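Let me begin by presenting the structure, written as structure tokens, before commenting on it.
Nothing in this text is a laboratory measurement; each read-out follows from the coordinates by a stated rule. No experiment lies behind these values; they were computed from the predicted model shown. Cβ coordinates were reconstructed from backbone atoms using ideal geometry, including for glycine residues, and neighbour counts include every protein chain displayed.
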Amino acid sequence: MKKKLALLLAALCLLLALTGCGEKEQSVYVTLYNQSGHDITSVCITPASSDDWGENFLDETLADGAGVTIGLGTYKESEVPTEWNILVYGEEDCILYETDVDEVDFTMHDGDCVVFQSPEEAISIVVCTDAEYQELYADYTPGTAAEEVEEAAGMDVNEMGDAGDISGYTGCWKLDNEPFYFV
């Protein structure tokens, strides 16, 4: 009788020990770099599968030229999202980048860098590895984002004004059921 009770107790202990042996969890961290030429007051990053923007990851304003590492959460290894949505607010609570939660997915992994470039650039949010950041973006000087856009267009502000009003032809359009935009 004692032997059966001991075996039953041992089996119960083994079952309890095995319940703690689940799938490992992984935390996801990314580093945000502000190279937009604007102060950033709020950054919301959420898995693409979510319909909610979630929390603001900034405790304080992210100044132009500054960077900060944030934790996006802890997930089971099999459930770590790779596609994310990003919402960024600048001064006076205005959205810096038009990224609708259902339309723009960014592929990010633990340890990646997210570089917020000038909103006027064709590609204004860049996701890269730390090595790519060091090679391509680390030499940014705060306050130069607007100048770089002007140089890229090949005209200074006065030359752009002399070119005439093209405001009726500017914008961004997305056709229903098409995976691209007209800019």
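Tell me whether the range 97-137 comes out rounded, prolate or oblate; compute the Cα gyration tensor, take square roots of the eigenvalues as a ≥ b ≥ c, and use a/c under 1.5 as the rounded threshold.
Here the range 97-137 falls in the oblate category.
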**Prompt:** If we count every other residue with Cβ under 14 angstrom of residue 22's Cβ, Lys/Arg +1 and Asp/Glu -1, where does the sum land?
**Reply:** -2
